[in-house]
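Q: Sharing a structure with you now.
The values are calculated or read from the model by the stated rules, or taken from the named source; none is laboratory data. None of the values given here were measured: they were computed from a predicted structure. Neighbour counts run over all protein chains shown; Cβ positions are idealised from the backbone, glycine included. What goes into the accessible areas is simple: the full protein's heavy atoms, side chains included, and nothing from ligands, DNA or RNA. Shrake-Rupley method; radii C 1.70, N 1.55, O 1.52, S 1.80 Å.
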Amino acid sequence: MAGFRGSEAVRAMCEVGVSDRGLYQGSGIGLVDDKGRVAIPNALRSTLAQNAPRPDGKDGGTIIIAVHETERCLIAYDPGYVAVLKKELDARTEMSRGPDGRIDYNIKRDLANGEAVPFDGSGRFIMPGFPRFHAGIAGHAFFWGTFDTIEIWDPKTLVETPGLPAKMISAARYHCQEKGIAL
């Protein structure tokens, strides 16, 4: 992972069209070490590698980690999705324009918080400190594909969060049970 700059991959991904992007489907759980290193589960790794290839053609790429807009979790996406998010935020910002012509700058302040980090050929990356702290992710991280992004949760937080789909909670419980993780 050392020596690879996320900004290079961001520039490379701008050349890939949005329609060329694979969709994130699947789930899994990963062990998070003391430094925040975790591996993206196989079910999601191949799509991420397709969407975020390294410019030099080697295994690995770039993943962007951000705090979720409303939930106590993280979202992860490939650099190609940044343009989609920016377009959406530009539209939301313009729609916020009040009668006096002013816009709500907090829209972008709140949602433009992603940090590009490299991942290696095994899907390992280091979760940035603040997002990991905000989501309460310590020993394990549950990954859930949502087509355009990947949600990353502390499994216990996910199970205790009201209003989430029963299938998602069941998947988290299943993956924890398979790994012997008590919730």
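Q: Counting only protein heavy atoms, what percent of the accessible surface of segment 65-165 is carbon or sulfur at a 1.4 Å probe? Intermediate values should be presented prior to the final figure.
A: Numbers: 2900 of 5230 Å².
That fraction is 55 percent.
Q: Another one. Loop only per DSSP, at most 16 neighbouring Cβ atoms within 10 Å: give me the trypsin sites (Lys or Arg not before Pro) in segment 78-120, ordered by residue number.
A: Details: sites: Lys86, Lys87, Arg92, Arg97, Arg102, Lys108, Arg109; in loops: Arg97, Arg102.
Qualifying residues, ordered by number: Arg97, Arg102.
Q: For the full complex of protein chains and a 1.4 angstrom probe, list Ile65, Ile169 by accessible area with the highest value first.
A: Ile169, Ile65
Q: Quick check on the chain: helices-only [θ] at 222 nm, where DSSP H runs of length 4 and up contribute -39,500 (n - 2.57) each and the sum goes over total residues. Nearest 500, please.
A: Value at 222 nm, helices only: -10000 deg cm²/dmol.
Q: What residues have an amide H closer than 5 Å to that of Arg37, excluding those fewer than 5 places away on the same chain, when H is modeled at 1.01 Å from N in the peptide plane?
A: So Arg37 has HN proximity to Met127.
Q: Using Cα pairs closer than 8 Å and at least 6 residues apart in sequence, work out the relative contact order for the chain, in percent.
A: So the answer I get is 29 percent.
Q: Using a Förster distance of 25 Å, how high is the FRET efficiency between Asn42 and Phe130, based on the Cβ-Cβ distance and rounded to 0.05?
A: 0.35
Q: Report the gain in length on full extension from Lys108 to Gln177: 0.36 nm times residue separation, minus Cα-Cα distance, nm rounded to one decimal.
A: 21.0 nm
Q: Still on this structure: Accessible area, 1.4 Å probe, largest first: how do Leu183, Leu111, Leu31 sort?
A: Largest accessible area first, the list is Leu31, Leu183, Leu111.
Q: Quick check for me: using +1 on Lys/Arg Cβ and -1 on Asp/Glu Cβ, what's the dipole size of segment 94-183 about its Cα centre, in debye to the nearest 20?
A: 180
Q: What would the Debye equation give as log₁₀ I(q)/I(0) for segment 42-129 at q = 0.15 Å⁻¹, counting only Cα atoms as equal point scatterers?
A: Those come out to -0.64, one per q.
Q: Which entry is the computed Cα extents along the principal axes in Å for this structure: [x] 56, 31, 26; [y] 57, 43, 29; [z] 57, 47, 32?
A: [y]
Q: According to a simple spin-label model (label point 7 Å from Cα along Cα-to-Cβ), what is the distance in nm between Asp56 and Ala138?
A: Rounded to a tenth, the inter-label distance reads 3.7 nm.
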